[in-house]
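Right, one structure below, let's go through it.
Rule-based calculations on the coordinates, nothing more; no lab input. Quantities reported herein were computed from a predicted structural model and do not represent experimental measurements. Don't worry about glycine lacking a Cβ; one is built from the backbone with ideal geometry, like all the others, and counts go over all protein chains shown.
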Amino acid sequence: MVIRRNTAISLFAACWLLLFGYETFRAGYLSPLVLRHRSARARSKSGGLVGRRLPKFPLLFPPAGWIMFFNVDRSYGFAEVYALPRGGTEPVKLDPHDIFETTAVGYDNIRRNVLVGVLSRDRAPAFCRYLRRKFPQYGAFAVVYSQYPDVVDEPDRVISQVAYRCQ
Amino acid sequence: MNLSRLWRTAFLDFRPSLSLGLFRLAVAFTVGAHMIPSFFQMADNYLATAFKTQNDSFFPAWLLHLVAASPDWLVWAWVLVFFASWLAFAAGCFSQASCLLMTTSCYYFYALNNYHIGTLSFDILLVTLVLMCVTGFHGDCLSIDSLRRGNVRAYKRPRPYVIQRLLQCQLAVTFWHTALNKISAGGNWLTDNPYYYLMHYPPIGVVRDFPLRSVLAQHPGLCHGIGIGVVIIELLLPVLWFIPRTRPLGIAVGVLLQLLLWATLHVPTIFLFLFPPMMLLFIRPEALVRWIEARQAAQAERGRAVLLYDGRCGFCVASVTRLRILDLFGWVDPLDFHAQPDMSRLHPALTPERCRSEMVLVEPGGQLSGGFDAFVRLTRPLPLLWWAVLLVRLPGAPWVGRRVYRWVAAHRSLLHRQAMCRTNQCGLPTAENTSSN
């Protein structure tokens, strides 16, 4: 009985640790290692697995391991949303806190740059629909990608370009 | 120590599950703090009108399609499931089942829309939740489960230590990997000055406006030093946690690091709410048990309060067992008044008639209270009744409470589980019932 219990616990702990270790190092270390190895082999003979990353275990673990602020550079990109009032000609910048009113306990999700997630063109139809429902007083919207190219040397210079428009 | 012995000590040990019980409370608080605010904006977050994004690297496509097809009524039903299971988990009511249900509902909302709740810290929380689902030992103490089971010593009952150890490993690897990524695999904390750049982030950026920020923004060398210091601390902390002698220092530094992280950056508070309690999991559960027993001994020396109850009433005996579970530090000594030949020795105003009509509390200072008022007095010294301290003192609560108590006391013979107890004679005191806690 004790042996059976210890075997079950040991198996569970070993599998969990292996899986945990694999997912921790998969994206940052194991995948590049395997890709390098496969590229080297592909140079000698063509292989079908070249360029394929190691699979992620579904439903558990973050996609790239436990990475927090691991690479911070001088640039800073963010999203802005401008709206055109119905019958008006002057666009107004919408407060991001009005766009996403969901508050978080102890921190500001907008300051965490959550709005940057709307920039992807794939998300444009859904976000435009959302904007029209949330701000019926406006007739058109423009989602803008802005970037500080160098927050240290040029703290006031911002480059902006329209990511997409909602007409 | 050979490998097999090391493995046995690490994962096959049996130890008290008290730490896991405390950790359950922290996990419940963290889940609530992260999930509940998102339910205040259902139309924006989860219903058909919401702006939704999906995490397709986390969920298989078929599951995302299935969840995305949820009609609004189903979403609302899952909100109910979440709240019911979350409350049950926090209270330790069917601890494992409620943990499973709560975790499933977290997964559901994560699959439905990851835009607000999907963060790295939430992924960390989910890993923790999955481990908590494996066992129900976190319901052994500080829980409704412990009251249901009626085991007074449940907090020191040895249980498999494997889950607590895996949680320790999770935290240690998370810190090591965080540090490792900063100095390799694309991280630039050794080669560049990321902390200095953070100090220059625009007002909309992630850095809070803390007092020293402008000073740090003028000193790149100092920022570089802080950055290196952070990496060294992240690498060192797990070592400090695993070595018994350095453990208190490791935990103190770790908690301070999380506080500083929260005070300087707009990062999810999951880090602040979850990581410090995870660090406390490194404290040996036996040390916590010893601490509790030392407090019980100290209380016995100072003199305990005495609670007189009707030992021939099965309902009262069962209630006293629950009281003993709630009385973690041994503040009160329940005594069957039938077994007290001279009650005036405890207090001159005590009579068998009064003890027959209600429970009576005699405090070490000599203060006497009975019935609902005795319960009110118990809520302060009993840590597991602190949740009721304000509740029983609300305007009108004493009026209602006294009447409810009087009704229960008058009908206690009807509340017995066993039919033979209806005559109020079955609960003859046993040695366990009358012994001190």
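Rounded to the nearest 500, what is the 222 nm mean residue ellipticity of chain B from helices alone, with -39500 (n - 2.57) per DSSP H run of 4+ residues and division by all residues? Intermediate values should be presented prior to the final figure.
Values: 20 runs with 250 residues, N = 437.
Here the helix-only value at 222 nm equals -18000 deg cm²/dmol.
Output the relative contact order of chain A, whole-number percent, from Cα pairs under 8 angstrom with separation of 6+ residues.
Working: 189 pairs, mean separation 33.9, N = 167.
Dividing the mean separation by the residue count of chain A yields 20 percent.
First check a/c for chain B, with a ≥ b ≥ c the square roots of the eigenvalues of its C-alpha gyration tensor; if it is under 1.5, answer rounded, and if not, answer prolate when a/b is larger than b/c or oblate otherwise. Prolate shape, in that a/c is at least 1.5 and a/b is the bigger ratio.
Computed from Cα atoms, the angle from the helix B:72-91 axis to the main principal axis of chain B rounds to 60 degrees. Cβ crowding within 10 Å, taken as a proxy for footprinting-reagent exposure, orders B:Asp209, B:Asp72 from fewest neighbours to most as B:Asp209, B:Asp72.
The C-alpha atoms of chain A define a longest principal axis, and helix A:2-25 lies at about 50 degrees to it. In the range B:18-156, a dipole from Cβ-located charges (positive for Lys and Arg, negative for Asp and Glu) runs towards its positive end, and of B:Ser143, B:Ala50, B:Val130 it is B:Ser143 whose Cα lies farthest in that direction.
Axis of helix B:397-410 versus longest Cα principal axis of chain B: the two differ by about 50°, to the nearest ten degrees. Note on chain B: GNM, Cα springs under 10 Å; of B:Leu126, B:Leu22, B:Leu350, the largest mean-square fluctuation is that of B:Leu350.
With contacts defined as alpha carbon pairs under 8 Å and 6 or more residues apart, what's the relative contact order of chain B in percent?
Values: 575 pairs, mean separation 66.2, N = 437.
This gives 15 percent for chain B.
In percent, what relative contact order does the range B:274-397 have, based on Cα pairs under 8 Å that are 6 or more apart in sequence? Don't skip to the end; give the middle numbers.
On the way: 133 pairs, mean separation 29.5, N = 124.
For the range B:274-397, the relative contact order is 24 percent.
Straight-line reach from A:Lys134: taking Cα to Cα under 24 Å and skipping same-chain neighbours fewer than 8 places apart, the lysines in range are A:Lys93, B:Lys52.
Please report, in debye to the nearest 20, how large the charge dipole of chain B is about its Cα centre when each Lys and Arg carries +1 at its beta carbon and each Asp and Glu carries -1 there. If you can, show how the numbers build up before the last one.
Values: 37 positive and 23 negative charges, 238 e Å.
Here chain B has a charge dipole of around 1140 debye.
The Cα atoms of the range A:100-167 give a gyration tensor whose axes a ≥ b ≥ c have a/c of 1.5 or more with a/b no greater than b/c, which makes the shape oblate. Charging the Cβ of each Asp and Glu at -1 and of each Lys and Arg at +1, and nothing else, the dipole of the range B:18-156 about its Cα centre rounds to 540 debye. For the pair A:Arg121 and B:Met42, a Förster radius of 35 Å applied to the C-beta separation gives a FRET efficiency near 0.80, rounded to the nearest 0.05.
Between A:Tyr145, A:Val105, A:Leu119, the Cα set farthest toward the positive side of the dipole of the range A:96-167 (charges on each charged residue's Cβ, about the Cα centre) is that of A:Leu119.
For the range B:312-331, the residues whose backbone nitrogen is under 20 Å from a point 7 Å from the Cα of B:Leu391, taken along Cα to Cβ, are B:316, B:318-329.
Is the protein assembly as shown best put as rounded, prolate or oblate by its Cα gyration tensor, with a ≥ b ≥ c the root eigenvalues, rounded for a/c under 1.5, and otherwise prolate when a/b is larger than b/c, oblate when not?
Values: a/c = 2.18, a/b = 1.74, b/c = 1.26.
Cα axes put the protein assembly as shown in the prolate bin.
Rank A:Phe135, A:Phe127, A:Phe25 by mean-square fluctuation in a GNM of chain A with C-alpha springs under 10 angstrom and give only the top-ranked residue. Residue with maximal mean-square fluctuation among A:Phe135, A:Phe127, A:Phe25: A:Phe25. Can you find, among B:Pro277, B:Pro160, B:Gly221, the residue sitting farthest towards the positive end of the charge dipole of the protein assembly as shown, where Lys and Arg contribute +1 and Asp and Glu -1 at Cβ? Value: B:Pro160. Net charge dipole, the protein assembly as shown: roughly 1660 debye, given to the nearest 20, about the Cα centre with Cβ charges of +1 for Lys and Arg and -1 for Asp and Glu.
Mind checking which of B:Leu378, B:Leu390, B:Leu240 has the largest fluctuation in a GNM of chain B, springs on alpha carbons under 10 Å? Taking springs between Cα atoms under 10 Å, the residue moving most is B:Leu390.
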